Number of protein chains: 2
Amino acid sequence: MNNLFFYAVPAMGVVGLLYTLLKFSWVSKQPAGNDRMKEISTYIAEGAMAFLKAEWKILGYFVVIVALLLGFMATKNEGSHWSIAISFIIGAVFSATAGYIGMKVATKANVRTAEAAKTSLAKALNVSFTGGAVMGLGVSGLAVLGLGGLFLILKHFFSPDGDASGMLRTIEVLTGFSLGAESIALFARVGGGIYTKAADVGADLVGKVEAGIPEDDPRNPATIADNVGDNVGDVAGMGADLFGSYVATVLATMVLGQEVTGADGSRLVDQFGGLSPILLPMVIAGVGILLSIVGTFFVRISESAGISTQAVQKALNMGNWGSMILTAVACFFLVHHILPASMTLRGAEFTRNGVIGAIAVGLVVGALMSIITEYYTAMGKRPVLSIIRQSATGHATNIIGGLAIGMESTFLPILVLAGGIYGSFACAGLYGVAIAAAGMMATTGMQLAIDAFGPIADNAGGIAEMSELPPDIREKTDVLDAVGNTTAASGKGFAIASAALTSLALFAAFVGVAMPSNQHIDIYKADVLAALFVGGMIPFIFSSLAIRAVGEAAMAMVEEVRRQFRTIPGIMEGTGKPEYDKCVAISTEASLKKMMLPGAITIISPLLIGFILGPEALGGFLAGATVSGVLMGIFQNNAGGAWDNAKKSFEKGVEINGEMYYKKSEPHKASVTGDTVGDPFKDTSGPSMNILIKLMSIVSLVIAPSLALMHKTEASVPATKKIEVSIVNKETVADSNTTVTVNAETKSPNALIEALKKDGLATGNDIKLNINNGIITINGKILSAEESKKYIQLLSTKK
Amino acid sequence: MNNLFFYAVPAMGVVGLLYTLLKFSWVSKQPAGNDRMKEISTYIAEGAMAFLKAEWKILGYFVVIVALLLGFMATKNEGSHWSIAISFIIGAVFSATAGYIGMKVATKANVRTAEAAKTSLAKALNVSFTGGAVMGLGVSGLAVLGLGGLFLILKHFFSPDGDASGMLRTIEVLTGFSLGAESIALFARVGGGIYTKAADVGADLVGKVEAGIPEDDPRNPATIADNVGDNVGDVAGMGADLFGSYVATVLATMVLGQEVTGADGSRLVDQFGGLSPILLPMVIAGVGILLSIVGTFFVRISESAGISTQAVQKALNMGNWGSMILTAVACFFLVHHILPASMTLRGAEFTRNGVIGAIAVGLVVGALMSIITEYYTAMGKRPVLSIIRQSATGHATNIIGGLAIGMESTFLPILVLAGGIYGSFACAGLYGVAIAAAGMMATTGMQLAIDAFGPIADNAGGIAEMSELPPDIREKTDVLDAVGNTTAASGKGFAIASAALTSLALFAAFVGVAMPSNQHIDIYKADVLAALFVGGMIPFIFSSLAIRAVGEAAMAMVEEVRRQFRTIPGIMEGTGKPEYDKCVAISTEASLKKMMLPGAITIISPLLIGFILGPEALGGFLAGATVSGVLMGIFQNNAGGAWDNAKKSFEKGVEINGEMYYKKSEPHKASVTGDTVGDPFKDTSGPSMNILIKLMSIVSLVIAPSLALMHKTEASVPATKKIEVSIVNKETVADSNTTVTVNAETKSPNALIEALKKDGLATGNDIKLNINNGIITINGKILSAEESKKYIQLLSTKK
C-alpha cells in the first residue's frame, strides 16, 4: 500500500496553518493608527471576544451532552465505537477555533486596513485581503488536518490493513467529527447572524432614519455593536459555517468512497489497498489548500491604480478563477494517478474518466451559480434596476419587487442544480455527485479569503468614520466594501450549490447505511410522502424564527438607542458619551437566546422522524427539507442582495422615468426599507439554509446504523406488485424482497436470512443464497441437510 | 344494477341550479337604490363584463387548440377516446359559466345590499348572503350536473354493463372535463387576481397615501376599477377556482374508485354492478348541495340585532358548521348504504368503516385548517398583535414581522396535513385520501356562499361611499366586510388542505395509470430527485410572475391616476369627472397579458418532464411542486391576511408600549405598507397555488396513458438489489421485476410477458405465469411445448 498520500493530506493541512501563522504575524505587525483608532478597535475586539466566550460557554454544555449521548449510542451498535464522542468534540473544537482565528485576525486587520488606506488603495487591499486569507487558509488547514489526521489515527486502530468492515467503522466515527463541526457551525451562523443584523438594523433605524446621522457615527450608541456584529456574524459565523461545509463535503465523498468496489463486487484493486476513492477527496482538499495559497499571489493591484472598484474586482477574480482553474487541472492528474480505471458503487459501474467528468460538472455548476447570483444581485443589471424602478411608487412596491426578484432567482439556479445532479450522476453515479461537490469546495481557502475580506473592509470604514479620519480614507474602504458585497453574493450562490450536492451525497450515504437491503425512498408511500411535507416545512419555520429574532432584537436595540438619545445629556453634540456596552449586551443576549430553538429543531426533527417513522420516511423528510431549504436559501440570499444594491445605487443617483433621485429622496427611503428587510434574509436565515440541510443529513447519517438495526425487517418488506411469475429451474435466483412459493405456499425469505446472519453464516449485504431440494448453499458454503431444514422452517408464510 | 342513484346525481345538480335561479330572481327584485347608486353599479357591472368578454376571447383560442391536441392524442391511445376533446370543452364552458353566474349576481347584489343597509343590518346580510348563495349553489350545481350527467352519457356509450376497461375509458374521458374546468380556473384566478390587486394597490397608493382621500372616494379615477376587481377576482375568479377544485376532487376519487376491486382482485360485488366506489363521491357531492341549501336557512340575524360583527359571524358559522355536521351524518349513512363491507385497491384491503373514518379525518383536517388559519389572521390574536407591535419601528420591521408570521404559519397546517395524509391512508388506503378530500369539499356550495358574500359587502360599501350615502350605511356594510375577511381567510385554509389531498389523490391515480407495473416514485434515483427540485421551484417562479404582474400593473395605475389628478381640472374639488374607463382598461390589459406565462408554465412543465424524463421523474416533479405549492400557498395567504388585519386594527386604535395609535399615525403608515405587500400574496399568487398543484396533477393524469405506452419497458426495469436468493422448488413464484436464472444465466422475464400480452394470451396487470420444465402455464392455461419454447427464448439476458 502506498501510504505516502495518506500522510501527505494532514501535511498539506499543516502547510495551510503555517501560512496562516506567518500571515497573521505579518498583519499584526502593520501599523494600527492613532490612539482613537486603537481605542475603537479595542472596543470592537473586546465586544467580539465577549460574544464568542458567552457563546462557547453555552455550546460547551451542548457539546458535552451530545458527546455523551453519541458515545452511549455507539456502544449499542457494533458498526460504531464510543470514540465517535471524542471525534465529535474535536470537530466542535476545531470549528470554534476556525471561527476564533477569523475573528482574531479580522479585529486586527480592520484598523490596520484603515491605517493602510492612508497610504494607498493597493496597501489597504493587501492588508484586508491578507486578513481574509489568514482566515481562509486557517479554516481549510484545520479541516484538512483534522479530517486527514483523524482518519490516519482511526484507520490505525480499526482497520490497519484497510479491510472493509473496519473502514466502515473508521468512517462512521469520522462522521462524528463532521457532526461536531456542522453543529457548531449552525449555532455560530445563526447566533452570529442574529447578532450582526440586530445591531445593524437597530443602528440604522434610529441613527440613519430617525436621527439623521450617518452610518458608523460615534454618537450612535449601537455603532460598536454593529461593528462587532460584522466580526461575529460575517467573519466568525461564516468561518465556522464554511469549516463545517468543507468537512461535510469531503466526508460525504469518503463515506460513499468506502462502499466503492471493483467491477464484480470484489475488493477494489489500486495502489492504496482499495482505499483510493476514500483518499481522493482528501487529497483534492489538500491540494486545494496549496493552490489557494498560490492564488493569493494573484490578488494585487498596482500602487498607481486609481480608486476604482473594477481594479479590485479584477484582482480578486484573478485570484479566484486562477486557483479554480489550477484546481481543475490538478484534479485531472490526481484522479488519473489515484483512481483505478473502473469501479462499482451499489451495482453501478463508473470509470476514472467519469469521475473527472463529475468534477468538471461540479466546477461548471459552481461557476454558473456564481454568475447567476451575481446577475441577480449586481448593480446596473435588470433585477436590481427593476427594484429601483419600483421604489418610485413607495415602500410596498419596493418590497413586492424584491420578493418577486428573489423568487424568480430560483429558476435558473434550480435548473443548473438539477442538471448538475443529473450530470454528475450520469458521469460517475452517486460517487460522482459527491466528488462534484468536493471539487467545487476544493478552493474553499480562496473563496473564504475573498468572502472575509469584505467585512474587514466594512469594519475599516466604520473605524475611519468613528475616528473622524479624512473622507478619502472612507472612500477607499468603501471601494473595498462594495467589491466585498458582490463577492459575498456570488460566494453565497456557490455555497448553496455545494451544500445541495453535499446533502444529496450525504443522503445517498444515509440510504446505504440505514436501508442496506432496500435502497428506495418511495414517496408513493403515505408515510414517506407525509414526511416529505414535514421536511419541506422545516426551512420555513427555521427562517421564521431567525428573521423574527432579528426583528425583535432590532426593536430592543432601537428602544435602547432612543432611550440613550433621550437621557444622556449632550450625546448628539458629541460631548456626552454613549453607553456602547449596553447595546453590545442586547445583541449578545438576544442572539444567544434566539439561536437555541432553530438549532434544536434542526437537530431533533430528523431524530423524531427517523426513530418514529423509520429510515424511509426520514429519507423523504430529508428530501423535502433539502429541496425547500435550497429554494428558500436562494430566494432569501438573492432578494436580500438585490435590495441591498438597489439601495446602494441611490448613493450615486439613479434615473427613474427621466428624473434623477439621490439619497434622502422618497424612492431612496423606500429602498432603505427593502434593504432592511433584506438584511436578515441575506445574512441570517438565507445562509443558514446551507448548514440546515447538511446538518440534518449528517444527523441522519449518524443515527443510520441504529435505524438500520431497528427497522431491518420492516425495510425489507416488499411492496405489493401485480404481475407474478413462477419459474422452476435448476437455478432460480430471486431477490430477498420476493416471496417464494414452497409447497404451494407463498413465503418470505427474510427471517431465514436474518437467522443466517445472526449465526454468522452471512454478513453484510452481499449474500448469495441458494436452496436446492432442501439443501441451502450460502455464499458458496453448503449446509448439511439437518442444518438446512432448520433454516428452511424459518421461511415465513406471507400474510 | 341499481341505477336510481346514478340518475339522482345530476338531478341533485339540477336542484342546486333551480335554487340558484329562484334566488337570483329574488335578488334582482330587490330595490337598487337611487340614480347615483344605479349609475355606479352599472359602471361596475359593465367593467366586469368587459373584462370577462376580453378574457373569454383569449381563452377561446386556448380551449380550441388544447381540445384539438387532446382529441388527436386520444386517437393514438386505445385507453382514451376523441370525445375527451368535447368533455374538455364542456368543462371549460361550465367553469366560465360558474364565474359568470357569480359575477352577474354579485354586480346586482352589491348595490342592493347598500340599499338594504338603509333598512337594517339583517336585511343587508340577507341580500349579500343570498347573492353569495346564488353563486355557491350555482357552482356546485353546475359541477354535479356536469360530472354526473357526463358520466351517465359516457358510461352509456363506453361501458353500458359497467365492465372495467370501458369504465377506465369513461373516467379517462371524464378527466378532460376536469382539465377544462381547472385550466379555465387557473386563468380566471390569476387574471382576476392580477386585475383586482393592481386596481386595489394602485388606487390605495395614490388615493389614500398620496392624495389623502378615503377609500372608494369617487374623485379617485381608479375606484371603479377597484370595485370591478372585487367582482372579477374575488367573485368570478374564485367561482371558477372552486368549480375546478370541486370537480377535480370528485374526479380523483372516481379515478381511484374505478380501480377498486373485491378482496381477491375479482370484480367488486355490490348493488351497483361494482361501481359503488365511483358512485360514492358523486352522491356525496350531490347530497352536499341539498345540505348546503338547508344550511342557508340558518344564516339569519334578528332585525333587532345591533351593528355587531359577532352576530353576523355567528350566523355564518351556524350555516357553515350546520351544513358540515349534516354532511358528516349523511356520509355515514351513504357509505353504509352504497359501499360493500370490504374492498381492495392496489393490493391493500380496506373496509366500509375505514372509508367513514377517512371522511372523518378529512373533515377534521378541514376544520383544524380553518381554525389555525383564523388564528393566524384574526385581529387580537398573537400573530396579528406581533405585526402591530413591529409596525412601531417602521415599514421594514412590519414587513419582517409579517413574513415571519407567514412562514411560521406553515408549521401547524403542515403537521395537520401530514397527519391527514397518514390518517386517511391508514383508514382506507389511497381511496381514503381521495374520499377525505371529497368529504371536505362536499359543502362547497355553503363555503362559497360565505366566501362570495364578502366581496359583495365590500362592493356595497364602495357604492355607498361613492354615492355619498349617510355614514351609518357604510358602517353596516363595514361590519359585513370585516366578517367577510375572516371567513375568506379561513376558507383559504380549507381550500389549500383540500387541494393538497386532491393533488395527492390525483398523484396516486396518475401513478396507477402511467406506471401500472412499477408503482414507485423513488427519489433515490438521480433523475427523480432532479425533477423533485425542479417541481419545487415552479411555485416560486409562478408566485414571482404573479406578484410582479401586480406590482407593475399597480405602478401603471398609479401613474395614470397621478396624470389624471394633474391634468383634469377640478377633479379634486369634485367638479371635474375622472376618466374611470382608462383605469379599467389598464387593469384589464395588464391582467390578460400577464396571466399567460404563469398559466403556460403550469400546463407545459409537466408535459416536458413527463415526455422527456418519463413518468417516474414526473411523479417526483409533482411531489416537489405539491409540497412547495402548499407551503407557499399557506405562507402567502396567512402573511397577507395577517398584514391586512394588522392594518385594520389601527382603525379602532391599537396600544403599543402603553401608547395609543390610530389611523394616519406613523405605525399605521407602516401597516399600510404591509397590507399592500400582502394584497398580491393573499389574493393573487397565494390562492393560485391550489389550482397550480391540482392542474399540474390533472395534466399529468391526462397524459398518463401516453406515458405508459412510451415508457412501458423502462418502467419495469428493476433497480439493482444486493441480496439474491435462489430457490428451486416445484412452484416458485417470483415477481416480474425479478431476474431469474435459467441454465446459469440471469434473465429478465419482461420481454416474455410483453410478447404474451401482445399475442392476447395475457391482459391487464394480473398475470400468473409459471414455467415448469420448459412448459409455460399462463393464468391457468397450459401452452404446448413448442409454443412455450418460442416464448422462453424471449427471456432476455440481464446486462
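The values are calculated or read from the model by the stated rules, or taken from the named source; none is laboratory data. Everything numeric in this text was worked out from a predicted model, so none of it was measured. Note that each Cβ is placed from the backbone with ideal geometry, even for glycine, and that neighbours are counted across all protein chains shown.
Does A:Ala464 fit the bill of being touching a Ser or Thr at 6+ places or on another chain (Cβ under 9 Å), within 30 Å of A:Tyr375 (Cα to Cα) and crowded, with 24+ Cβ neighbours inside 10 Å? So A:Ala464 does not fit the description; no.
Comparison of B:Leu592, B:Leu631 shows that the only residue that is within 23 Å of the chain's Cα centre (by Cα), away from chain A (no Cβ under 14 Å) and among the hydrophobic types (A, V, I, L, M, F, W, C) is B:Leu592.
For the stretch A:1-42, the set of residues classified as in a loop (DSSP other than H, G, I, E, B) and at pLDDT 90 or above consists of A:Gln30, A:Pro31, listed by residue number. Could you check, for the stretch A:359-381, whether at least one of its residues is under 23 Å from the mean Cα position of the chain (by Cα), surrounded by 24 or more Cβ atoms within 10 Å (Cβ to Cβ), in a loop (DSSP other than H, G, I, E, B) and in contact (Cβ under 8 Å) with a residue 24 or more places away in the chain? No, the conditions are met nowhere in the stretch A:359-381. Taken over the stretch A:473-499, residues that are among the hydrophobic types (A, V, I, L, M, F, W, C), touching a Lys or Arg at 6+ places or on another chain (Cβ under 9 Å) and under 30 Å from A:Ile171 (Cα atoms) amount to 1.
Within the option set A:Val209, A:Val201, A:Val139, A:Val144, being assigned to a helix (DSSP H, G or I), within 16 Å of A:Pro687 (Cβ to Cβ), assigned by TED's automatic domain parsing to the domain that holds A:Gly454 and of a type outside the set (Asp, Glu) holds for one residue only, A:Val139.
Regarding B:Asn485, is this residue surrounded by 23 or more Cβ atoms within 10 Å (Cβ to Cβ), of a type outside the set (A, V, I, L, M) and in a helix (DSSP H, G or I)? No, not satisfied. Please verify whether A:Ala505 is under 17 Å from the mean Cα position of the chain (by Cα) and farther than 30 Å from A:Val299 by Cβ, treating the condition exactly as stated. Against the criterion (under 17 Å from the mean Cα position of the chain (by Cα) and farther than 30 Å from A:Val299 by Cβ), A:Ala505 qualifies.
Filtering the stretch B:512-564 to residues that are more than 8 Å from chain A (Cβ to nearest Cβ), part of a helix (DSSP H, G or I) and of a type in the set (A, V, I, L, M, F, W, C) leaves B:Val513, B:Ala514, B:Val528, B:Ile538, B:Phe542, B:Ala546, B:Ala549, B:Ala553, B:Ala556, B:Met557, B:Val561.
The condition of being aliphatic (A, V, I, L, M), more than 21 Å from B:Phe243 (Cβ to Cβ) and either part of a helix (DSSP H, G or I) or out of contact with any Phe, Trp or Tyr (no Cβ under 9 Å at 6 or more places or on another chain) (or both) holds for only one of B:Leu501, B:Leu448, B:Leu506, B:Leu480, that being B:Leu480. Only one of the numbered conditions (1) buried (at least 24 other Cβ atoms within 10 Å of the Cβ); (2) modelled with pLDDT under 90; (3) not hydrophobic (A, V, I, L, M, F, W, C) is violated by B:Gly131, and that is (2).
Of the residues contained in the stretch B:650-662, none is found to be touching a helix residue (DSSP H, G or I) at 6+ places or on another chain (Cβ under 9 Å), assigned to a helix (DSSP H, G or I) and buried (at least 24 other Cβ atoms within 10 Å of the Cβ). Evaluate the stretch A:303-322: report whether one residue or more is closer than 20 Å to A:Leu145 by Cα, among the hydroxyl-bearing types (Ser, Thr, Tyr), assigned by TED's automatic domain parsing to the domain that holds A:Ala426 and in a helix (DSSP H, G or I). No: the stretch A:303-322 contains no residue that is closer than 20 Å to A:Leu145 by Cα, among the hydroxyl-bearing types (Ser, Thr, Tyr), assigned by TED's automatic domain parsing to the domain that holds A:Ala426 and in a helix (DSSP H, G or I).
Entry remark, the stretch A:467-491: residues being out of contact with any Gly (no Cβ under 7 Å at 6 or more places or on another chain) and modelled with pLDDT under 85 number 4 in total.
Here's the yes/no breakdown for (1) within 14 Å of chain A (Cβ to nearest Cβ); (2) aromatic (Phe, Trp, Tyr):
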{"position": "B:Asn317", "(1), (2)": "no, no"}
{"position": "B:Ile325", "(1), (2)": "no, no"}
{"position": "B:Phe333", "(1), (2)": "no, yes"}
{"position": "B:Asn353", "(1), (2)": "no, no"}
{"position": "B:Met369", "(1), (2)": "yes, no"}
{"position": "B:Thr377", "(1), (2)": "no, no"}
{"position": "B:Ile387", "(1), (2)": "yes, no"}
{"position": "B:Gly401", "(1), (2)": "yes, no"}
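Among the residues making up the stretch B:652-665, those that are within 15 Å of B:Lys208 (Cβ to Cβ), of a type outside the set (Gly, Ala, Ser) and touching a residue at least 12 places away in the same chain (Cβ under 8 Å) are B:Tyr662, B:Lys663. Among the numbered conditions (1) farther than 30 Å from B:Ser628 by Cβ; (2) in contact with a Phe, Trp or Tyr (Cβ under 8 Å, 6 or more places away or on another chain), the only one that A:Gln564 does not meet is (2).
Might you check whether a residue that is within 24 Å of A:Gly536 (Cβ to Cβ), assigned by TED's automatic domain parsing to the domain that holds B:Leu179, in a helix (DSSP H, G or I) and not aliphatic (A, V, I, L, M) occurs anywhere in the stretch B:587-604? Yes: one or more hits.
With respect to A:Ala122, is the statement that it is in a helix (DSSP H, G or I), in contact with a helix residue (DSSP H, G or I) (Cβ under 8 Å, 6 or more places away or on another chain) and either crowded, with 24+ Cβ neighbours inside 10 Å or in the same structural domain as A:Gly237 (by TED's automatic domain parsing) (or both) true? Spelling it out, it is not the case that A:Ala122 is in a helix (DSSP H, G or I), in contact with a helix residue (DSSP H, G or I) (Cβ under 8 Å, 6 or more places away or on another chain) and either crowded, with 24+ Cβ neighbours inside 10 Å or in the same structural domain as A:Gly237 (by TED's automatic domain parsing) (or both).
Would you say A:Glu573 is within 11 Å of chain B (Cβ to nearest Cβ), over 30 Å from B:Phe621 (Cα atoms), free of Cβ contacts under 8 Å to residues at least 60 places away in the same chain and surrounded by fewer than 22 Cβ atoms within 10 Å (Cβ to Cβ)? So A:Glu573 does not fit the description; no.
Contact annotation: residue pairs with Cβ atoms under 7 Å, 6 or more positions apart or on different chains, pairing a residue in the stretch B:406-424 that is more than 7 Å from chain A (Cβ to nearest Cβ) with a partner that is crowded, with 21+ Cβ neighbours inside 10 Å and among the polar types (S, T, N, Q), are B:Gly406/B:Gln636; B:Gly406/B:Asn638; B:Ser409/B:Asn638. Tell me whether the stretch B:430-440 contains one or more residues that are modelled with pLDDT of 90 or more, within 11 Å of chain A (Cβ to nearest Cβ) and touching a Phe, Trp or Tyr at 6+ places or on another chain (Cβ under 8 Å). The answer is yes; a qualifying residue exists.
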